[in-house]
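Below is one structure; the comments refer to it alone.
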Amino acid sequence: MELGTIVGLISGFLLVFTTIFLGGEMMSFIDLPSFLVVIGGAIAATFVAIPFGDVLALGNITKNAFFGRKIDYVNVVEVVVDLAKKARREGLLAVDKEVNKIENDFLKGGMEMVVDGTEPDLIKKVMNTELSYLMDRHAKGQALYSTLGAYAPAFGMIGTLIGLIAMLQNLDDPAAIGPGMAVALITTFYGALISNLVFLPMATKLSNMSSSEILEKEMIIEGVLAIQFGEHPNTISKKLLNFIPPKVREGYSEEGK
């Protein structure tokens, strides 16, 4: 589970509503029609902007933001180096027994091609193609939340305009102007809050998670090809460690002593 997503959302809403509670009447900030205009309008506009099937995948995309797999770069290096050592000692065919034990599907698929004697250029092409499709799928998820984040404030303004028009039609009652203005502005508040605390941060979260997974797969491609070419395990480990931050690299060095 991605705790950052949960902690961020809870703390953000808690901060906003605590401020409201300390500064005024909580119920004056609750207006169902305003909420429906913002959420319903943003979703409707997103259906117009993005293919229907992609929008329906919102549930799975959201699930990834909360329960996405945490990337363990050090483990990737260790597994690849262990495979390289076995291949160097016993030959590529001996690695066949280890392939079924590999938990990472991308690495497993690459090593299966290595064991089958597939040409390096073809291995690289196949794995890069899979990576490209992965990037495309991730980009669609990010675009979905970015689109929602772009339209939510706009529909907040639309809701405010609707409220102002309704208020101006009743100027003969001065006592109703203040409450009417407050209700009208609530829609703008909802649009700004939902966009900047939910939709846009979720798009950024998905982008960061995608970058981590892409880096992992780039490491795997480099490692698989290095094993195919028969490079020394120490050389392979140095290559792969260059992909990851120095702090993580130091942790691997300590484990390797």
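The values are calculated or read from the model by the stated rules, or taken from the named source; none is laboratory data. If you're wondering where the values come from, they're calculated on a predicted model, not measured in any experiment. For neighbour counting, all protein chains shown are included, and Cβ atoms are generated from backbone atoms with ideal geometry for every residue, glycine included.
Of GLY8, GLY68, GLY23, which residue is under 29 Å from LYS247 (Cα atoms) and not assigned by TED's automatic domain parsing to the domain that holds ALA166?
Testing whether each residue is under 29 Å from LYS247 (Cα atoms) and not assigned by TED's automatic domain parsing to the domain that holds ALA166 leaves just GLY8.
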Q: Answer yes or no as to whether ALA84 is buried (at least 16 other Cβ atoms within 10 Å of the Cβ), in contact (Cβ under 8 Å) with a residue 12 or more places away in the chain and in contact with a Ser or Thr (Cβ under 6 Å, 6 or more places away or on another chain).
A: no
Q) Can you find even one residue in the range 36-51 that is within 29 Å of SER212 (Cβ to Cβ) and exposed (fewer than 13 other Cβ atoms within 10 Å of the Cβ)? A) yes
(Q) I need the full set of residues from the range 1-13 which are surrounded by 10 or more Cβ atoms within 10 Å (Cβ to Cβ) and part of a helix (DSSP H, G or I), in order please. (A) GLY4, THR5, ILE6, VAL7, GLY8, LEU9, ILE10, SER11, GLY12, PHE13
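Regarding ILE158, is this residue of a type in the set (A, V, I, L, M), exposed (fewer than 13 other Cβ atoms within 10 Å of the Cβ) and in a helix (DSSP H, G or I)? Step through it out loud before you land on a result.
Values: of a type in the set (A, V, I, L, M): yes; exposed (fewer than 13 other Cβ atoms within 10 Å of the Cβ): no; in a helix (DSSP H, G or I): yes.
No.
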Q: From (1) more than 24 Å from LEU131 (Cα to Cα); (2) not in a helix (DSSP H, G or I), pick out the condition that doesn't hold for PRO201.
A: (2)
Q.
I'd like to know if the range 28-48 contains one or more residues that are of a type outside the set (Ser, Thr, Tyr) and over 21 Å from THR188 (Cα atoms).
A. yes
(Q) Which pairs turn up if I take residues in the range 116-132 that are assigned to a helix (DSSP H, G or I) and look for partners that are among the basic types (Lys, Arg) and surrounded by 13 or more Cβ atoms within 10 Å (Cβ to Cβ) with beta carbon separation below 7 Å, at least 6 apart in sequence or on another chain? (A) LEU131/LYS217
Q. Which condition does VAL248 not pass, out of (1) modelled with pLDDT of 90 or more; (2) in a helix (DSSP H, G or I), if it passes all the others?
A. (1)
